[in-house]
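Colleague: Here it is: the structure, laid out below.
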Amino acid sequence: MSTNPPDEQPTWSGDQGGPTPPPPPGAGAQPPAGGYAGPPQGGYPPQGGYPSPPGYAPPGGNPAYGGGGYSTQPALSDSDQRMWATLSHILPIIGLSFLVPLVVWLVFKGRGQYLEEHAKEALNFQITLVIAAIAISIISVITLGLGTILYLAFIPALVFMILAAVTANRGEMYRYPVNIRIIN
């Protein structure tokens, strides 16, 4: 260790046993020996926390919107459930495959048992059709194109989707006759 000239401030040498660093400017009182003094006056929030900024909804929910909080969405009406159930069966016909029932199921999960059951049934049927299409494609390659006639099996699948949409719109449950139920 070196000694400092008398007109220089002592330097801090860390954990090597040197002098302690000077207090930061404006720090006020010195910390007690061997302990932490805590934050300066007014450093902690008042009892109960800081006030909420304007426009911020506290965790209990915004009273202007029913105070629902963050936990759940409101349940869908019967007509909304029937509409979304019908769409989850009919929109895959225009080429959206399993994406529509998957999105409907994930977005509206827990907001209506009727819609949830229809969306899962439609999703399972669309997954079954994708598996069948892959299998028919492999068979077609192996048989040098003769297996493409198996794609005619998708005609009854279209009929089943239309029947499911009509049944869902009436408010009744529909089960596809040929369906691998992967999602329960």
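Colleague: Please enumerate the residues belonging to the stretch 137-152 that are open to solvent by 60 Å² or more (accessible area, probe 1.4 Å) and within 36 Å of the chain's Cα centre (by Cα).
Modeller: Hit for the stretch 137-152 is Ile138, nothing else.
Colleague: Every residue in the stretch 81-110 that is within 16 Å of the chain's Cα centre (by Cα) and at positive phi, please.
Modeller: Across the stretch 81-110, the qualifying residue is only Gly110.
Colleague: Can you go through Ser79, Ser88 and tell me which one is open to solvent by 20 Å² or more (accessible area, probe 1.4 Å), part of a helix (DSSP H, G or I) and within 25 Å of Glu172 (Cβ to Cβ)?
Modeller: The unique qualifying residue is Ser79.
The values are calculated or read from the model by the stated rules, or taken from the named source; none is laboratory data. All values reported here derive from a predicted model rather than from experimental measurement. Here the Cβ is made from the backbone with ideal geometry for all residues, glycine too, and neighbour counts use every protein chain on show. Side chains included, ligands, DNA and RNA excluded: accessible areas come from the protein's heavy atoms. Shrake-Rupley method; radii C 1.70, N 1.55, O 1.52, S 1.80 Å.
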